[in-house]
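Chemist: I'd like to ask you about the structure that follows.
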Amino acid sequence: DLKQNFRYVSWEGADYPDYQNTRHNIGVAGELQVPAWDKLDLTLSMRGERYSDFGSILTGKLGGKYTLSDQAFLRASTGTGFRAPTLSQMSKVSTLIGTSRTPAGQILSKAYAIGNPDLEPEKSHQTSLGLHLTPTQHWSMGMDFWQISLRDTFGSWSVTQIDADPALKKKFFSLLPDGTGRYDINSLNLGSLKKNGIDYYVQHRLPMDFGRLNLVLEGTHNLTSQRIAAPGQSNLSDLGIFQPSYGGLTPRNKLTFSGTLERPESGVRAAVHFMSGNTELYPNNSLVDSAGRSVGAQYTHRVKDTLTLDVGGWLQLSRSVRLSWYVKNMANTTPPVRYFNAMATSNSSNYPLTDTVYNDYRGRVISTVIEWKIL
């Protein structure tokens, strides 16, 4: 049972109005585990939820594990899911998000983001199939093929799309009393998304006289990532390619290699993270020839691969006190540069941005935690 309340207080006038919204939802879940045969175990789970603002949702999952031998097993699952819209997305309030002006500064049009109380949840269907092996007591490995499809994904028509389609322009464009154009950028259930890939891991546990060393290589190799952002649009891939039309990007490879040394009263860990780069077109007027003409469509920019290093550890000071420390991005690696800038218009230059899909602006982050347990 959950109740949410959202309130926005504005100090910026009528174009940024105050609003608030509430939501109450209640849910119930159940799981049934069935030893179907000697080597097959099945799991069935269901979850039902009722939301005060958009109704009821029922989701479920069926999974199974088949034991091939003492060292190997197969597992598979299929299920459904959903993502509820936020309270802001469902609040029917108009908030100014952009203006178009003449070179002299006169306002030609305004664009307003508008929530939609009739918005439906995004709905998903996912399946997986995997093989897992433990050839010795010190080695284990496995991989899972997975795929996920989403429908009714959240989105909105852009100003460019509204201008290009007479039916959309009739519905989402109007003239204000002073002659200024108004674009209504409504929250809608517009698109669909499909992804699949392989998750994998290899783990080695090595007992030693002074502790236990645990080495793990784990990652994801994405095979497909396609999205239809809105009805009637092309099915676009963002696998290793940045799609500026909806800001989508899926790296082809993500992996982590980590080593942990554990002792009875202490431990240390180091992890190297890798994420493969991607390509993007040079947008707008970021690249011009000697005459000032844009040539961006003829070339691509590659956002580079990145490696980051994290280290950490812990020390048991007493039965009840534990000290942990962690250094994220120890080498202070700078996020790679991306040239696409969502705020630039079609007739203005972009400027480079650091890509926080790969890393964040903070650089090296050091943290310590002291835990005290009352025994």
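The values are calculated or read from the model by the stated rules, or taken from the named source; none is laboratory data. Computed from a predicted model, the values in this text were never measured in an experiment. Cβ coordinates were reconstructed from backbone atoms using ideal geometry, including for glycine residues, and neighbour counts include every protein chain displayed. Remember, those area values only see protein heavy atoms, side chains included, never the ligands or the DNA or RNA. Shrake-Rupley method; radii C 1.70, N 1.55, O 1.52, S 1.80 Å.
Chemist: Name every residue in the range 78-94 that is part of a loop (DSSP other than H, G, I, E, B) and basic (Lys, Arg), in order of residue number.
Modeler: Lys92, the sole residue that qualifies.
Chemist: Here's another thing I want to ask about it. Output the qualifying pairs, or none if there are none: Cβ atoms under 6 angstrom, residues six or more apart or on different chains, first residue in the range 308-337 and under 17 Å from Ser367 (Cβ atoms), second residue part of a loop (DSSP other than H, G, I, E, B) and among the hydroxyl-bearing types (Ser, Thr, Tyr).
Modeler: What qualifies is Thr308/Thr333.
Chemist: Which condition number does Phe172 fail, the rest of (1) touching a residue at least 24 places away in the same chain (Cβ under 8 Å); (2) closer than 30 Å to Gly98 by Cα; (3) surrounded by 17 or more Cβ atoms within 10 Å (Cβ to Cβ) being met?
Modeler: Going through (1) touching a residue at least 24 places away in the same chain (Cβ under 8 Å); (2) closer than 30 Å to Gly98 by Cα; (3) surrounded by 17 or more Cβ atoms within 10 Å (Cβ to Cβ) one by one, Phe172 breaks only (1).
Chemist: In addition: Ser234 versus (1) within 30 Å of Asp165 (Cα to Cα); (2) of a type in the set (Ser, Thr, Tyr); (3) modelled with pLDDT of 95 or more; (4) open to solvent by 40 Å² or more (accessible area, probe 1.4 Å): which is the lone unmet condition?
Modeler: Answer for Ser234: the failing condition is (3).
Chemist: Tell me the residue from Leu236, Leu317, Leu261 that is within 26 Å of the chain's Cα centre (by Cα) and hydrophobic (A, V, I, L, M, F, W, C), please. Steps first, answer last, please.
Modeler: Numbers: Leu317 fails: within 26 Å of the chain's Cα centre (by Cα); Leu261 fails: within 26 Å of the chain's Cα centre (by Cα).
Answer to the selection: Leu236.
Chemist: Return the only residue of Arg50, Arg75 being in contact with a His (Cβ under 8 Å, 6 or more places away or on another chain), part of a strand (DSSP E or B) and open to solvent by 60 Å² or more (accessible area, probe 1.4 Å).
Modeler: Arg75
Chemist: Looking at (1) open to solvent by 70 Å² or more (accessible area, probe 1.4 Å); (2) in contact (Cβ under 8 Å) with a residue 24 or more places away in the chain; (3) more than 16 Å from Asp152 (Cβ to Cβ), can you tell me which one Pro103 breaks?
Modeler: Just one mismatch for Pro103, condition (2).
Chemist: Going by the structure shown, is Ile97 open to solvent by less than 30 Å² (accessible area, probe 1.4 Å) and either in a loop (DSSP other than H, G, I, E, B) or among the β-branched types (Val, Ile, Thr) (or both)? If you could, list the steps in order and put the result at the bottom.
Modeler: Numbers: open to solvent by less than 30 Å² (accessible area, probe 1.4 Å): no; either in a loop (DSSP other than H, G, I, E, B) or among the β-branched types (Val, Ile, Thr) (or both): yes.
For Ile97, the condition - open to solvent by less than 30 Å² (accessible area, probe 1.4 Å) and either in a loop (DSSP other than H, G, I, E, B) or among the β-branched types (Val, Ile, Thr) (or both) - is not met.
Chemist: So the check is Cβ under 6 Å with 6+ separation or different chains; which pairs have a first residue in the range 225-240 that's at positive phi and a second one that's surrounded by 19 or more Cβ atoms within 10 Å (Cβ to Cβ) and at pLDDT 80 or above?
Modeler: Qualifying pairs under 6 Å: Gly240/Asn278.
Chemist: Follow-up question, since we're still on this one. Of the residues that sit in the range 11-47 and are among the aromatic types (Phe, Trp, Tyr) and without any contact (Cβ under 8 Å) to a residue 24 or more places away in the chain, which one is least open to solvent (accessible area, probe 1.4 Å)?
Modeler: This residue is Trp37.
Chemist: Then there is this: Taking Ser124 as the residue in question, decide whether it is under 21 Å from the mean Cα position of the chain (by Cα), under 20 Å from Gly197 (Cβ atoms) and either modelled with pLDDT under 90 or surrounded by 18 or more Cβ atoms within 10 Å (Cβ to Cβ) (or both).
Modeler: yes
Chemist: Please find, within the range 271-300, the residue that is modelled with the lowest pLDDT out of those that are open to solvent by less than 40 Å² (accessible area, probe 1.4 Å) and closer than 23 Å to His221 by Cα.
Modeler: Glu280
Chemist: Residues that are assigned to a strand (DSSP E or B) and touching a Leu at 6+ places or on another chain (Cβ under 6 Å): does the range 7-19 have at least one?
Modeler: There is no residue in the range 7-19 that is assigned to a strand (DSSP E or B) and touching a Leu at 6+ places or on another chain (Cβ under 6 Å).
Chemist: While we're here: Would you check which residues across the range 164-199 are more than 30 Å from Thr127 (Cβ to Cβ), under 31 Å from the mean Cα position of the chain (by Cα) and either modelled with pLDDT under 90 or β-branched (Val, Ile, Thr) (or both) and list them?
Modeler: Ala164, Asp165, Ile185
Chemist: Could you please give the count of residues in the range 199-224 that are among the aromatic types (Phe, Trp, Tyr), open to solvent by 60 Å² or more (accessible area, probe 1.4 Å) and free of Cβ contacts under 8 Å to residues at least 60 places away in the same chain?
Modeler: 1
Chemist: If I ask for residues that are surrounded by 17 or more Cβ atoms within 10 Å (Cβ to Cβ), farther than 25 Å from Met90 by Cβ and either small (Gly, Ala, Ser) or free of Cβ contacts under 8 Å to residues at least 12 places away in the same chain (or both), which ones from the range 130-168 would you list?
Modeler: Residues satisfying the conditions are Gly130, Ser140, Gly142.
Chemist: Starting from the range 261-276, keep only residues that are more than 12 Å from Phe210 (Cβ to Cβ) and of a type in the set (Ser, Thr, Tyr), then list their pairs with residues that are open to solvent by 30 Å² or more (accessible area, probe 1.4 Å) and in a strand (DSSP E or B) whose Cβ atoms are within a distance under 6 Å, requiring at least 6 positions of separation or different chains.
Modeler: Ser276/Asn253
Chemist: Turning to a different aspect of this structure: For the range 239-258, give me each residue that is surrounded by fewer than 17 Cβ atoms within 10 Å (Cβ to Cβ), among the polar types (S, T, N, Q) and either under 16 Å from the mean Cα position of the chain (by Cα) or at pLDDT below 95 (or both).
Modeler: Ser245, Asn253
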